[in-house]
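What follows is a set of notes on a single structure, which appears directly below.
The values are calculated or read from the model by the stated rules, or taken from the named source; none is laboratory data. It should be emphasised that the depicted structure is a prediction, and the values quoted were computed from it without experimental measurement. Cβ placement follows ideal geometry from the backbone for every residue including glycine, while neighbour counts extend to all protein chains displayed.
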Amino acid sequence: MELTELISLSLFATVAAFTPGPNNLLLAASSANFGLRATWPHMAGVIIGFTLLVAIAAFGLGWLLTAIPMLQLILRLIGLVLITLIAYRLLISHTLERQNATRPMRFIEAVLFQWINPKGVVVIISAISAYTDPASIVLSEVAILITLFFWVTVGSVLVWAGAGAFIARKLTSQRRLAWFNRTAASLLLLSVAPVLLDLV
């Protein structure tokens with residue numbers, strides 16, 4: 001991979017990782033509602049799950065999804081349904097008593113969520129299509145993809161979860177928490193709106 005391609009891929013990965021999306025919004029909401037410590041399994045699940053998805057996609061799954069649009073469509077639909085359900089749970093969550101609130105996402109749930117996260121799947125397919133050769137698997141290119149996406153994912157996870165923990169300090173009443181959760185739920189739905197529009 002040439003230097004210009006590496007710079008371009010780095011910019012693409014950074015923008016994709018740090019801009020609002022299901023993972024980032026859910027991490028911020030979890031940290032705001034349950035605290036940073038309780039969100040660690042969720043954070044680790046996103047990092048490990050997304051990196052694993054990048055690795056598997058780079059070794060052929062990305063091209064399979066491109067070659068079989070129906071498979072990609074099914075994953076997108078499942079992801080949209082699940083995100084809608086999560087947004088609804090977030091919308092009705094407004095208690096400051098964490099023991100009575102809905103629980104944070106578990107590690108394995110966060111890992112599995114990466115496979116049906118519409119934004120994540122689109123990002124990986126785009127990166128593999130644009131920056132790797134479909135005719136052959138070049139280990140150096142795969143290594144660069146995995147390493148780069150791992151570190152930008154770590155960065156975005158820490159930033160968004162940290163932002164949620166910071167916001168939590170301001171959520172001193174049920175009314176404020178309710179408004180925050182409603183806003184987060186709305187942004188979560190908006191983050192997958194492009195995927196929904198692409199289906200119609």
For Phe59: the one exception among (1) more than 19 Å from Leu148 (Cα to Cα); (2) modelled with pLDDT of 75 or more; (3) surrounded by fewer than 15 Cβ atoms within 10 Å (Cβ to Cβ):
(1)
Only one of Ile83, Ile78 that is buried (at least 17 other Cβ atoms within 10 Å of the Cβ) and at pLDDT below 85:
Ile83
For region 23-40, what are the residues that are surrounded by fewer than 24 Cβ atoms within 10 Å (Cβ to Cβ) and touching a Ser or Thr at 6+ places or on another chain (Cβ under 8 Å)?
Ala38
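Results for (1) at pLDDT 75 or above; (2) surrounded by fewer than 18 Cβ atoms within 10 Å (Cβ to Cβ); (3) in contact with a helix residue (DSSP H, G or I) (Cβ under 8 Å, 6 or more places away or on another chain), shown as yes or no for each residue.
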position	(1), (2), (3)
Phe107	yes, yes, yes
Leu145	yes, no, yes
Gly164	yes, no, yes
Arg175	yes, yes, no
Please tell me if Ser10 is exposed (fewer than 15 other Cβ atoms within 10 Å of the Cβ) and modelled with pLDDT of 90 or more.
yes
